[in-house]
Every structure is written in structure tokens, then in C-alpha cells.
Amino acid sequence: MIYFQKTPIGRIGLEEHDGALSCLYFETERIPPDSGAGKTDLLEEAFRQLDAYLAGDLQVFSLPLAPHGTAFMLGIWELLSGIPYGAEATYRQIAEASGNIRAVRAVGTACGKNPLPVFIPCHRVVGSDGHLTGYRGGLSIKHALLDLECRNRKKLHPPV
């Protein structure tokens, strides 16, 4: 089941499968032709949390996620989920954390195939020089998400 809604980062589609969020679609992406459209309680809650995140009022999502990918990709996505709100990591750091320093390009591929961007925060992964690199939704959305987190991390957790 897929449901679409307008958000501050464009029209987003969220897909639920077997009671878990399985995919996010940006407005420029092709939707599988056999996907059924409709709203469920989970999709409604996912959009409520996404809206709160995009408003700067939520830092951690509490939704059941069920991304589909290889064992390597699932491991990388789990590592991405550990990058704190408002922080960044490099592809190299993620490769090192995975136990395979030579897997930098494979980490990039896993980020590009992340079916749940924003919920699994691949936007927090940057190049080794700190520059923004590819993002499924486009670099403008990646930049907007990082900027949002940077601004709101300070708002939600002021310096002591």
C-alpha cells in the first residue's frame, strides 16, 4: 500500500508492507505499477512523524521499518541509523565501521539504494572532504535535511 502527501521537501510517497514501512518515493521517482494506493494507520503515523521531523520537532523516528536489500546493505543501513541527528559521517567512516575499509564504494552504492531515505539517514553521509555527494532525492534535498538538522539540533539541545 502506498500513500502520497505533500511535504516541505516535495511530494513524498510512503509504502507499507506487512505492517512496516518499506519504501519512500520522492516525487521524481517511478512508482512500481503494481502498487496499490491507500492510507493505513501506519502510513498516517509515518507522515505525522515525517512532518514533525521536517518542522524540527522530532529527531528520532519510532516506526517499524522493513527495508529490503542484501545482507551487506542491511548492515550498512543499520550503521547509518546510528549516525546521530545533526551529525555527519563519511563513506570511509561507515566502511571502517562495517569492518571493511575497502568497501567505500559499496557503502556509496548501499546509500544510493536505501529504500527509506530520511528514515534511514543516508543524507548524513558526506564525502571525505566534507562535500555533499549523491542523494536519491537530489543534492538540494540532502542539503536541506542537513541544514534543518544543524539548526534544530542547536534549538533542541542548546549549549550548557
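Quick check on region 129-160: of everything there that is over 26 Å from P64 (Cα atoms) and in contact with a strand residue (DSSP E or B) (Cβ under 9 Å, 6 or more places away or on another chain), which residue is modelled with the lowest pLDDT? Only one residue fits best here, namely G130.
When each of G134, G99, G108 is tested for being surrounded by fewer than 18 Cβ atoms within 10 Å (Cβ to Cβ) and at negative phi, the lone residue that passes is G134. Per the conditions (1) within 24 Å of L148 (Cα to Cα); (2) surrounded by 15 or more Cβ atoms within 10 Å (Cβ to Cβ); (3) touching a helix residue (DSSP H, G or I) at 6+ places or on another chain (Cβ under 9 Å); (4) among the aliphatic types (A, V, I, L, M), the sole criterion not satisfied by A46 is (3). Quick check: anything in region 120-130 over 22 Å from D51 (Cβ atoms) and without any contact (Cβ under 8 Å) to a residue 24 or more places away in the chain? Within region 120-130, one or more residues are over 22 Å from D51 (Cβ atoms) and without any contact (Cβ under 8 Å) to a residue 24 or more places away in the chain. The set of residues in region 116-128 that are farther than 16 Å from D147 by Cα, in a loop (DSSP other than H, G, I, E, B) and within 8 Å of the chain's Cα centre (by Cα) comprises L116, F119.
Yes or no, residue by residue, for (1) at pLDDT 95 or above; (2) more than 20 Å from I12 (Cβ to Cβ):
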| residue | (1), (2) |
| --- | --- |
| A52 | yes, no |
| P64 | yes, no |
| F72 | yes, yes |
| E78 | yes, yes |
| I94 | yes, yes |
| F119 | yes, no |
| G127 | no, yes |
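What are the residues in region 7-21 that are crowded, with 19+ Cβ neighbours inside 10 Å and either under 19 Å from G69 (Cβ atoms) or of a type outside the set (A, V, I, L, M) (or both), if any? Of everything in region 7-21, those that are crowded, with 19+ Cβ neighbours inside 10 Å and either under 19 Å from G69 (Cβ atoms) or of a type outside the set (A, V, I, L, M) (or both) turn out to be L14, E15, E16, L21.
The values are calculated or read from the model by the stated rules, or taken from the named source; none is laboratory data. What you see is a predicted model; the values in this text were computed from it and never measured. Note that we place each Cβ from the backbone using ideal geometry, even for glycine, and neighbour counts take in every protein chain shown.
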